[in-house]
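A short write-up of the structure that comes next.
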Amino acid sequence: MQALTGVWASRHSEELKRGITIKLGYADAAVYKCPNCDKPQCYCTSPTCPACGAEAEFQRAVSFVDAPGHEILMATMLSGAAVMDGAILVIAADEPCPQPQTREHLAAIDIVGLKNLIIVQNKIDIVTREDAIRNYNEIKKFVEGSVAEEAPVIPVAALHEVNVDLLVQAMQEYLPTPKRDPKKAPRMYIIRSFDVNVPGTELEKMVGGVLGGSIIHGSFKTGDEVEIRPGLPIREKNRLKMHELFTEVTSLHSGGGAVKEAMPGGLVGVGTQLDPSLSKSDGLVGSLVGKPGTLPPVLQEVSLDIRLFDVVVGSQAMEKVSSITKGERLLLNIGTAKTMGTVTKVSKDYLEAGLTIPVCGEADDRVAISRRFGGRWRLIGIGTLKA
């Protein structure tokens with residue numbers, strides 16, 4: 001079965017205790033169903049039913065994108081949201097709801113157009129029944145009128161694995177695997193890129209750069225020639241110019257193992273013949289991978305239809321969003337790419353901007369618009385690319 005790409009979207013409590021998740025993390029999991037047990041006990045994540053010990057039936061594979069919740073990493077979180085088919089918004093029961101990061105995550109879910117959503121009310125084991133109910137009511141009030149208004153709220157004590165079966169059931173019922181067109185030209189968003197060679201590796205044993213991401217449509221096979229666009233940034237005459245890269249797919253990894261063909265859904269590791277210095281340290285994040293000649297154009301400038309929010313997302317003070325002005329510098333997220341845009345023309349619902357880092361994009365792509373407040377980028381609106 002095709003895999004679903006999901007996300008654990010809000011992790012601010014754990015980050016403050018353990019340190020911040022700087023990069024996007026991701027992991028694969030499998031969903032099983034026991035033929036003997038009733039719902040929700042029949043759902044599990046292992047081939048053996050934990051309730052009765054019977055052999056469980058495989059349902060589908062699921063990939064989780066772990067997006068950082070901390071407010072200073074909003075751009076990274078938006079890059080992760082671009083490859084999601086559904087979202088799991090995790091809200092801690094021991095904190096008032098909403099936290100600034102939770103507002104940002106819900107806004108991001110709306111910006112990228114996600115419709116399938118589950119809310120997890122975690123840490124119910126460390127609060128009283130009355131506090132858990134109060135927190136639940138805060139959650140329901142927070143999501144009123146939003147894309148999450150009809151989303152189920154699953155109370156969970158993750159540390160003790162309480163209601164995990166109920167959560168897996170909700171994933172099966174509320175986060176369906178979307179229909180995809182395998183006949184389209186293959187395209188993949190890059191959300192991570194690596195040099196997997198350890199220091200001191202001998203030259204003849206080195207392997208090419210590895211790309212991590214999610215296939216949107218079509219499929220890739222080992223041996224395919226692919227293009228990476230916009231590709232490599234090179235400064236020429238005080239201007240940053242992008243150079244597309246061409247390489248061959250040498251290996252594919254999906255679902256925890258090597259495959260000969262990778263399909264849409266889930267997260268994929270693509271081995272290439274690229275010089276690993278080009279892919280190390282997420283050097284190619286934001287680019288697209290596809291068959292040569294099939295990718296969107298590289299944009300030095302963008303024209304956007306825009307919709308500004310009433311208030312700044314993620315701010316404790318809930319400042320009102322003022323109009324965008326000509327000459328203003330904004331942070332723009334397009335797909336998994338982020339770039340700075342200097343506004344050259346603006347009206348109430350339209351703007352044009354020159355980009356410091358060119359990006360790939362086509363008409364109707366969604367764009368997240370952020371403005372700097374006190375040293376941090378905050379979401380102020382959403383845009384749609386015009387042809």
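Take Val312 and decide whether it is out of contact with any helix residue (DSSP H, G or I) (no Cβ under 9 Å at 6 or more places or on another chain), modelled with pLDDT under 90, of a type outside the set (Lys, Arg) and outside the structural domain of Ser146 (by TED's automatic domain parsing). When the stated conditions are applied, Val312 passes them. When each of Asp310, Asp224 is tested for being more than 22 Å from the chain's Cα centre (by Cα) and under 30 Å from Pro100 (Cα atoms), the lone residue that passes is Asp310.
Return the residue satisfying two criteria in turn: it lies in region 250-280 and is among the hydrophobic types (A, V, I, L, M, F, W, C) and without any contact (Cβ under 8 Å) to a residue 60 or more places away in the chain, and of such residues it is surrounded by the fewest Cβ atoms within 10 Å (Cβ to Cβ). That would be Ala258. For Asp275, the requirement of being in contact with a helix residue (DSSP H, G or I) (Cβ under 9 Å, 6 or more places away or on another chain), farther than 27 Å from Glu362 by Cα and outside the structural domain of Tyr43 (by TED's automatic domain parsing) is not met. Residues that are more than 28 Å from Gly381 (Cα to Cα) and more than 15 Å from the chain's Cα centre (by Cα) occur at least once in region 87-99.
Scanning region 134-166 for residues that are in a helix (DSSP H, G or I) and surrounded by 13 or more Cβ atoms within 10 Å (Cβ to Cβ) yields Arg134, Asn135, Tyr136, Glu138, Ile139, Lys140, Phe142, Ala158, Val164, Asp165, Leu166. Of everything in region 212-221 that is surrounded by 16 or more Cβ atoms within 10 Å (Cβ to Cβ) and within 13 Å of Pro186 (Cβ to Cβ), the residue that is modelled with the highest pLDDT is Phe220.
Kindly indicate whether Ile139 is of a type in the set (A, V, I, L, M) and touching a Cys at 6+ places or on another chain (Cβ under 8 Å). The answer is yes for Ile139. A Cβ distance below 6 Å, combined with a sequence gap of six or more or placement on separate chains, defines the contacts here; from region 213-230, residues that are of a type in the set (A, V, I, L, M) reach residues that are at pLDDT below 95 and surrounded by fewer than 23 Cβ atoms within 10 Å (Cβ to Cβ) in the pairs Ile216/Arg187. Residues that are basic (Lys, Arg) and closer than 23 Å to Thr294 by Cβ within region 317-375 comprise just one, Arg366. Val259 falls short on exactly one of the conditions (1) under 18 Å from Asp28 (Cβ atoms); (2) aliphatic (A, V, I, L, M); (3) touching a Cys at 6+ places or on another chain (Cβ under 6 Å), and that condition is (3).
The values are calculated or read from the model by the stated rules, or taken from the named source; none is laboratory data. What you see is a predicted model; the values in this text were computed from it and never measured. For neighbour counting, all protein chains shown are included, and Cβ atoms are generated from backbone atoms with ideal geometry for every residue, glycine included.
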